[in-house]
Amino acid sequence: MSNKALYFIPDISGFTSFVKSVEIGHSQHIIAELLELIIDADKLALSVAEVEGDAVFFYKNGDLPTADEILLQTQETYVRFHNHLKLYQSRRICDCGACTSAASLTLKFVVHQGVPNMITVKGKEKPFGEDVIKVHRLLKNKVTEREYLLYTDKLLDNAELINDHKEWSKVEPGEEEYEGVGKVTYKSIGLAFLKKLIKPPPSLNYKDLTTAPVQTSIDIRGARPNVFELVTNMEQRHKWNKDVREFRYKEGEINRVGSKHVCVIGSNLLEFETVTNDFGRDKYVYGEVTDQIPLIKEGTTYYIVEGDEHQTKLRMEFHYESIPFLGWLAKLFIPGQIKRRQVASLKQIKEIIETEKN
């Protein structure tokens with residue numbers, strides 16, 4: 001086994017400071033999703049030493065990956081990262097500062113080879129020593145590119161990708177003087193050229209709206225973003241949707257088009273998928289569709305939120321298509337049941353928002 005260690009740090013940059021509670025919560029969820037994606041993208045059997053704020057500190061001792069394997073790992077992580085960010089452009093239902101600015105996040109990589117030193121803390125081994133300090137100091141440097149791969153010495157110089165491909169071969173030398181570490185030389189490669197590998201998700205197709213949906217509306221003394229957050233955040237659904245005994249969803253994920261959750265009503269499990277639609281300008285729209293309601297082929301509930309920082313109008317619309325030959329039966333029972341649930345839910349939402357405001 002080689003007496004060497006590889007240190008590899010992908011680091012996310014670009015989030016501004018958010019002052020609103022909705023934006024803070026969403027920025028935390030977005031960063032958590034991206035950090036999990038970075039960890040899942042690992043194909044080099046690296047170990048995670050720490051998740052450090054907006055970065056993941058990977059390491060590997062012994063038999064190290066080749067230079068080309070490190071470059072391909074960088075490419076894989078970068079492309080998956082930016083493919084995921086495209087979802088915040090085309091699939092988001094929230095217009096808070098965190099969600100709207102997520103697409104501008106950037107990713108840089110610092111990779112360094114050193115001596116494997118480990119320390120045991122509470123029974124867990126972690127990298128330790130001068131090389132660990134050095135790779136972290138290198139996150140602060142004079143590289144002008146927003147997204148780049150930085151590597152020390154000649155670690156990746158023998159890679160075929162660098163020697164044979166024009167885009168990978170644009171290597172820039174640099175050096176930094178760090179207190180307690182001294183002078184460190186490095187090379188960097190701008191990664192903007194990898195953006196051609198990013199694939200935009202398919203365009204959204206809005207579902208046709210029915211001409212006479214079941215609908216109810218209510219006026220709420222409260223800010224529109226707060227009402228929309230209460231409606232769309234699965235962690236808060238139990239507060240106002242009293243018909244549901246349990247909500248099952250992927251924790252830590254921002255609710256967006258394509259997200260799925262399950263409602264447990266009595267002994268029945270109903271799966272819903274998040275959708276949206278075009279109800280005109282200056283409206284927040286959240287929808288969820290299911291095909292598991294009796295007598296109904298497919299039903300979609302839309303929450304249309306209008307207003308400002310002080311007053312909000314919330315409208316629920318239920319659009320449905322009956323099972324063939326049973327339309328008369330659906331029209332006999334469904335509208336009344338849906339209407340009662342809409343009224344109950346809207347009253348709960350109004351009470352929660354106005355109570356919290358006071």
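What is the pair-distance distribution P(r) of the stretch 214-357, computed from all Cα-Cα distances in 5 Å bins starting at 0, with each bin given as a whole percent?
Distribution as computed: 2, 9, 18, 23, 22, 15, 7, 3, 1, 0 percent.
How big is the dipole moment of the chain about its Cα centre under a simple scheme where the beta carbon of each Lys and Arg is +1, that of each Asp and Glu is -1, and everything else is neutral? Debye, nearest 20, please. Don't jump to the answer; show the numbers that get you there.
Details: 48 positive and 52 negative charges, 233 e Å.
That gives the chain a dipole magnitude of about 1120 debye.
Restricted to Cα positions, what overall size does the chain have along the principal axes? Three whole-Å values, descending.
Its Cα atoms span 77, 47, 42 Å along the three principal axes.
Can you tell which of V121, A32, Y178 lies farthest toward the positive end of the dipole of the chain, using +1 and -1 charges on the Cβ of basic and acidic side chains (Lys, Arg; Asp, Glu)?
Comparing the listed Cα positions along the dipole, A32 ranks first.
Put a dot 7 Å past each Cα toward the Cβ at I133 and K166; how far apart are the dots in nm?
Using points 7 Å along Cα→Cβ, the separation is 4.4 nm.
Please get the size of the charge dipole for the stretch 5-197, origin at its Cα centre, with Cβ charges of +1 on Lys and Arg and -1 on Asp and Glu, quoted in debye to the nearest 20. Working shown, then result.
Numbers: 23 positive and 29 negative charges, 101 e Å.
The dipole magnitude comes to about 480 debye.
Let me have the 222 nm mean residue ellipticity of the chain computed from DSSP H runs of 4+ only, each contributing -39500 (n - 2.57), with the sum over all residues rounded to the nearest 500. Please list the in-between numbers first.
Details: 7 runs with 102 residues, N = 358.
Computed mean residue ellipticity for the chain: -9500 deg cm²/dmol.
Multiply the residue separation of H238 and E69 by 0.36 nm, subtract the distance between their alpha-carbon atoms, and state the gained length in nm to one decimal.
Stretched out fully, the H238 to E69 stretch lengthens by 56.1 nm.
Where Rh denotes the Kirkwood radius from the mean inverse Cα pair distance, what is Rg over Rh for the stretch 63-104? Provide the component values of the computation, followed by the final result.
Working: Rg = 14.9 Å, Rh = 12.0 Å.
My calculation of the ratio gives 1.25.
Set the Förster distance to 45 Å, then compute FRET efficiency between K283 and E251 from the Cβ-Cβ distance, nearest 0.05.
Numbers: r = 28 Å, r/R0 = 0.63.
That pair, K283 with E251, gives E of 0.95.
Exposure proxy check: V231, V51 ranked by fewest other beta carbons within 10 Å? Before the final figure, lay out each step's value.
Details: V231 21, V51 15.
Listing V231, V51 from fewest to most nearby Cβ atoms yields V51, V231.
Sorted by packing (mean other beta-carbon atoms within 10 Å per residue), highest first, where do 296-304, 235-243 land?
Working: 296-304: 19.4, 235-243: 14.1.
Going by the mean number of other Cβ atoms within 10 Å, highest first, we get 296-304, 235-243.
Could you size up the charge dipole of the stretch 121-228 around its Cα centre, putting +1 on the beta carbon of Lys and Arg and -1 on that of Asp and Glu, and report it in debye to the nearest 20?
Working: 19 positive and 17 negative charges, 108 e Å.
Computed charge dipole of the stretch 121-228: roughly 520 debye.
Give me the lysines in straight-line cross-link reach of K242: C-alpha distance below 22 Å, same-chain residues under 8 apart excluded.
Candidates past the 8-residue exclusion: K250, K260, K313, K339, K347, K350, K357.
Could you please rank M316, M234, placing first whichever residue has the fewest other Cβ atoms within 10 Å of its Cβ? It would help to have the intermediate numbers written out before the result.
Details: M316 23, M234 16.
Ascending number of Cβ neighbours within 10 Å: M234, M316.
Put +1 on the Cβ of every Lys and Arg and -1 on every Asp and Glu Cβ in the stretch 66-130; which of T106, Y78, S90 then has its Cα farthest towards the positive end of the dipole?
So the residue we want is S90.
No lab work stands behind these numbers, since they all come straight from the coordinates. In this text the structure is predicted, and so the values were computed from the model without any measurement. In this analysis, Cβ positions are derived from the backbone assuming ideal geometry, glycine residues included, and neighbour counts consider all displayed protein chains.
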